[in-house]
Amino acid sequence: MGHRLADASAPARLAAPGEGIGPDELALAARNHGLPLETLRHDVTPPGLHYVLTHYDIPHVPDGTPWRLTVGGRVRRPLSLTPADLASFPRVTTRVTLECAGNGRALLSPRPVSQPWLEGAVGTAEWTGVPLRLLLAEASVRDGAVDVVFTGADHGVERGVEQDYQRALPLEVATGDDPEVLVAYAMNGSPLPPQHGHPLRLVVPGWYGMAHVKWLRDVTVADEPFTGFQQTVAYRLRQRPEEVGEPVTRIAPRALLVPPGFPDFMSRARMLRPGPVALEGRAWSGFAAVTRVEVSTDAGASWREAELGPEDGHRWAWRRWRHPWTATPGTYELAARATDADGRTQPLEQPWNRGGFANNAVQRVPVVCLDA
Ligand SMILES: Nc1nc2c(c(=O)[nH]1)N[C@H]1C(S)=C(S)[C@@H](COP(=O)(O)O)O[C@H]1N2
Ligand SMILES: [Mo]
């Protein structure tokens, strides 16, 4: 008797009311770690602290493994490039804040059963590589192209569907220069680490993580919209499983606080002593520059303007913000809220969707200020 894959593409499950994180979600959470929020203090996230998300296995690609990036489909000159060939193209370094579309999922109710992110699925790195538009120009895209499909070297099964990890971008995004999409071969000045896509990955500044295909091995220009699992089944905003849904694309604005004071080991509850406290954190948006961050120390009843740090030419990276506060004994709920140049801001209560995507509800940080 043979073994077959179960129900192709059954809808993802929602947790029952009060159902805790199960062993499957724990296994995912232990593989795919978030950014410890105290490390929001770094402008560029040090290696190993950047969040990681991998649907299947991390491919084993030791140094010296032959690797080819093929560029084909509706092009006049198909390419087959080694990582060394890529080094002969112009090199660009861009500081990019990357966030998983599922960040905040585990805080939703009902909770979509998947990688159970709290708020740490974010990190900022300096990515170095070749602008994708130059590779596509070299390959010479033919008329009639609509999508560019990116394939990673990792393979697995998701909801009964066996697949290579694949995502597409519309042609105008793939060939655009704002943002400029990169085929990256370095992170923070070193070759990509295994978990971040060694030897090559896509970087799509301003877009949620799922677009940044790791272990990139093929780029195919297509004359029809791509209908792969990660494009049309996963990563859609839906209320009900049968809806087509809107695609998940750019990163919604979000501010996060560096949790002040010191934590309780088990509960992570924060404690601090009376006196001046510099509330600080980071804010970003994939749509337009962050122009405003407000801070609340009374659970969102009142808000005060935080001081925003300089953009310093890093449009696609998070911005620092700060707000001085003097703590007196008592309990507080801290919150921060970002607004971008298009006027997009963060909701106090999250509008729900089945996949738990693009949850940018305001973070809440309960703190206790002790008696001296
Ligand atoms: N090949 C491949 N690329 C991938 C993924 C994957 O599972 N396989 N996961 C995507 C998702 S959902 C996210 S959030 C980002 C995470 O990138 P990071 O692990 O470098 O932070 O990679 C994206 N690229
Ligand atoms: Mo993700």
**Request:** Calculate the length of the line joining the C-alpha centroid of segment 55-127 to that of segment 178-219, in whole Å.
**Result:** 4
**Asked** Any idea of the accessible area per residue across the chain, 1.4 Å probe, to the nearest Å²?
**Response** 45
**Asked** What is the Rg over Rh value, at two decimals, for segment 254-369, using alpha-carbon atoms and the Kirkwood definition of Rh?
**Response** 0.98
**Complete:** Rounded to the nearest 10 Å², the 1.4 Å probe accessible area of Val146 is 60
**Top positive-direction residue, dipole computed over segment 254-369 with Cβ charges, set Val295, Ser285, Pro274** = Ser285
**Complete:** Computed over segment 138-256, the distribution of all Cα-Cα distances in 10 Å bins, rounded to whole %, is 12, 40, 37, 10, 1
**Message:** With a 10 Å cut-off between alpha carbons and a GNM built on the chain, which of Ala16, Ala168, Ala125 moves the most?
**Reply:** Ala16
**Shape category assigned to the chain from the gyration tensor of Cα positions, a/c cut at 1.5** = prolate
**Fill in**
Yeah, segment 66-157 with a ≥ b ≥ c from its alpha-carbon gyration tensor (a/c under 1.5 is rounded, else prolate when a/b outruns b/c, oblate otherwise) is prolate
**Asked** How would Ile21, Ile251 rank on accessible area, largest to smallest, probe 1.4 Å?
**Response** Ile21, Ile251
**DSSP-loop chymotrypsin sites (Phe, Trp or Tyr not before Pro) across segment 256-340, with at most 11 other Cβ within 10 angstrom** = Phe265
**Asked** Arg41 accessible area, nearest 10 Å², 1.4 Å probe?
**Response** 120
**Asked** Once you charge only the Cβ atoms, +1 for Lys and Arg and -1 for Asp and Glu, what is the size of the charge dipole of segment 288-372 about its Cα centre, to the nearest 20 debye?
**Response** 240
**Asked** Which distance in nm do the two modelled labels at Trp352 and His33 give, with both placed 7 Å along the Cα-to-Cβ direction?
**Response** 3.2
**Asked** Each residue of segment 280-288 in turn: what ³J(HN,Hα) in whole Hz from Karplus with 6.51, -1.76, 1.60 and θ = phi - 60°, glycine and Pro shown as x?
**Response** 8, x, 10, 9, 8, 8, x, 8, 7
**Request:** Within the chain, what's the longest run with no GluC sites (Glu not before Pro) in a DSSP loop and at most 14 other beta-carbon atoms within 10 Å? Give the range, please.
**Result:** 20-241
**Three semi-axes of the equivalent ellipsoid, segment 1-149, Cα gyration tensor, whole Å, largest first** = 35, 24, 16
**Item:** Relative contact order, percent, the chain [alpha-carbon distance under 8 Å, six or more residues apart]
**Value:** 18
**Prompt:** Carbon and sulfur atoms: what percent of the 1.4 Å accessible area of the chain do they account for?
**Reply:** 54
**Asked** If you rank Asp178, Asp43, Asp164 by how much accessible surface each has, with a 1.4 Å probe, what is the order from largest down?
**Response** Asp178, Asp43, Asp164
**Request:** State the extension gain, in nm to one decimal, for the chain segment bounded by Arg76 and Ala16, taking 0.36 nm per residue of separation less the distance between their alpha-carbons.
**Result:** 16.3 nm
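The values are calculated or read from the model by the stated rules, or taken from the named source; none is laboratory data. Everything numeric in this text was worked out from a predicted model, so none of it was measured. Cβ coordinates were reconstructed from backbone atoms using ideal geometry, including for glycine residues, and neighbour counts include every protein chain displayed. SASA here: full protein model, heavy atoms, side chains in, ligands and nucleic acids out. Shrake-Rupley method; radii C 1.70, N 1.55, O 1.52, S 1.80 Å.
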